[in-house]
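The values are calculated or read from the model by the stated rules, or taken from the named source; none is laboratory data. Note that the structure is predicted; figures quoted are calculated from it, not measured. Here the Cβ positions follow ideal geometry from the backbone for every residue, glycine too, while neighbour counts run over all protein chains shown. These accessible areas exclude ligands, DNA and RNA; they are computed on the full protein's heavy atoms, side chains included. Shrake-Rupley method; radii C 1.70, N 1.55, O 1.52, S 1.80 Å.
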Amino acid sequence: MNPTQTHTTLKLTRRHRRLRRSAAMRALVRETRLSPEIFMLPLFVCEGRGVRREVGSMPGVFNLSVDEAVKEVEAARGDGIRSVLLFGLPDHKDSVGSAAYDPNAPVQAAVRAIKSAAPDVLVATDVCLCEYTDHGHCGVIIDNEVSNDPSVEQIVRAAVSHAVAGADIVAPSDMMDGRVGAIRQALDERGFETTAIMAYAAKYWSAFYGPFREAADSAPKFGDRASYQMDPANGDEALREVAQDIEEGADIVMVKPALPYLDVLSRVKAEFGYPTAAYHVSGEYAMLKAAARNGWLDEKRAMLECLTSIRRAGADIIITYYAREAARAIA
């Protein structure tokens, strides 16, 4: 029997599939849209010249000397990416992370070079000690523990040095209490009132940072970071953290990682209505890359689906290693 001869037309007032019939129709009614302007590209800047060294666990991501970082920024600008986030990889490390505020360290040198070559590109700098300490923790160790207030003093010095170099945004990622207020005060006192602060406000003690630690050589040499990064089980605490950072002067707040914490991201945006960033972290990136290389998924579709979910959850800014690929995909 031919099904077309026996079917009955349903009496439906609303047929949702009408708006899904073609690519043009789907695009016309799409609720959440990605654009290159919302992507911020993380870059790992090292010492030397002519260095472009791929990170083993992050295909397509490189440790870059300052000259190579400038080339990457200019290429990304060609893709429509207008903001970058710099991480520093110094040759010298010590117990208090003093290279973090060395005016000639990779981040400071890269800020100056990028702002000279591409002044219209927004330069943000990660402010932390983990890449600069010989023990790999995000602060100063006293009696075998990360001590909050001495750590804040060092973090403030790093933030000021980045502002002096010309950073548009400083982004403290250490999760020490009170660091946003201390940075804001120090910047204002030195005439950097226009330098913005993007606070890693809700940064979780996550298993998804492993590839980053390879890229930045920043794994702790002992213990872990559970005493200062957030417990993955807590959501209400994230709202308290964000509220405090806003009160202390943060201009942008961040949730990190992104995909495992979309509920937190959504709550933060709904509760505060502040400019909100989400960091699509190294482990999230590496998983997609590994699955794609094994032929287990369509990388382009999976990438855009993940980034769209982050945007839909409330992110105004998406920090992602996929920034250039995503920008090209949606062009």
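For A118, which of the numbered conditions (1) surrounded by fewer than 18 Cβ atoms within 10 Å (Cβ to Cβ); (2) over 21 Å from A327 (Cα atoms); (3) touching an Asp or Glu at 6+ places or on another chain (Cβ under 7 Å) fails to hold?
A118 satisfies all of (1) surrounded by fewer than 18 Cβ atoms within 10 Å (Cβ to Cβ); (2) over 21 Å from A327 (Cα atoms); (3) touching an Asp or Glu at 6+ places or on another chain (Cβ under 7 Å) except (2).
Can you list residue pairs whose Cβ atoms sit under 8 Å apart, with the first residue in segment 45-63 being open to solvent by 20 Å² or more (accessible area, probe 1.4 Å) and the second being assigned to a loop (DSSP other than H, G, I, E, B) and modelled with pLDDT under 95? Count only pairs 6 or more apart in sequence or on different chains.
Going by the 8 Å Cβ cut-off, the qualifying pairs are E47/P90; E47/D91.
Hey, among the residues in segment 69-99 that are of a type in the set (S, T, N, Q) and over 18 Å from the mean Cα position of the chain (by Cα), which one's surrounded by the most Cβ atoms within 10 Å (Cβ to Cβ)?
Of segment 69-99, the ones of a type in the set (S, T, N, Q) are 83, 95, 98.
Add one more test, that the residue is over 18 Å from the mean Cα position of the chain (by Cα), and what stays is 95, 98.
On the way: S95: 12, S98: 18.
Among those residues, the one meeting the criterion is S98.
Hey, could you check segment 316-331 for residues that are small (G, A, S) and at pLDDT 95 or above and say which is most open to solvent (accessible area, probe 1.4 Å)?
Of segment 316-331, the ones small (G, A, S) are 323, 326-327, 329, 331.
Filter once more, keeping what is at pLDDT 95 or above: 323, 326-327, 329.
Details: A323: 0, A326: 0, A327: 2, A329: 30 Å².
Here the residue is A329.
Please work out if A124 is open to solvent by less than 70 Å² (accessible area, probe 1.4 Å), more than 16 Å from A196 (Cα to Cα) and outside any loop (DSSP other than H, G, I, E, B). Let's see the steps before the verdict.
On the way: open to solvent by less than 70 Å² (accessible area, probe 1.4 Å): yes; more than 16 Å from A196 (Cα to Cα): no; outside any loop (DSSP other than H, G, I, E, B): yes.
Considered against the rule, which asks whether it is open to solvent by less than 70 Å² (accessible area, probe 1.4 Å), more than 16 Å from A196 (Cα to Cα) and outside any loop (DSSP other than H, G, I, E, B), A124 comes out as no.
Counting just the residues of segment 224-236 that are surrounded by fewer than 17 Cβ atoms within 10 Å (Cβ to Cβ) and in contact (Cβ under 8 Å) with a residue 24 or more places away in the chain, which one comes out farthest from N148 (Cα to Cα)? Give the derivation first.
Looking only at segment 224-236, we keep the residues that are surrounded by fewer than 17 Cβ atoms within 10 Å (Cβ to Cβ), and these are 224, 226-227, 231-236.
Among the residues that remain, those that are also in contact (Cβ under 8 Å) with a residue 24 or more places away in the chain are: 227, 231-232, 235.
Details: S227: 11, D231: 18, P232: 21, G235: 23 Å.
Selected residue: G235.
For segment 131-218, give me every one of the strands (runs of 3 or more DSSP E) that falls completely inside it and has 3 or more residues that are over 22 Å from Q108 (Cβ atoms). Let's see the steps before the verdict.
Details: elements: 140-142, 145-147, 169-172, 196-203.
Ranges flagged: 145-147, 196-203.
Which of the residues spanning segment 171-195 are open to solvent by less than 20 Å² (accessible area, probe 1.4 Å) and either among the aliphatic types (A, V, I, L, M) or in contact with a helix residue (DSSP H, G or I) (Cβ under 8 Å, 6 or more places away or on another chain) (or both)?
Taking segment 171-195 and keeping what is open to solvent by less than 20 Å² (accessible area, probe 1.4 Å), we get 171-176, 179-180, 183, 186-187, 195.
Selection gives A171, P172, D174, M175, M176, R179, V180, I183, A186, L187, T195.
State all residues of segment 127-157 that are touching a residue at least 60 places away in the same chain (Cβ under 8 Å) and among the acidic types (D, E); if no residue qualifies, say none.
E131, D134, E145
Please specify each residue of segment 287-308 satisfying the condition of being open to solvent by 20 Å² or more (accessible area, probe 1.4 Å), in contact with a helix residue (DSSP H, G or I) (Cβ under 9 Å, 6 or more places away or on another chain), touching a residue at least 60 places away in the same chain (Cβ under 8 Å) and not charged (D, E, K, R).
L304
Considering segment 255-282 alone, what residues qualify as being assigned to a helix (DSSP H, G or I) and open to solvent by less than 10 Å² (accessible area, probe 1.4 Å)?
To start, the set of residues in segment 255-282 that are assigned to a helix (DSSP H, G or I) comprises 259-272, 282.
Within segment 255-282, V264, L265, V268, S282 meet the criteria.
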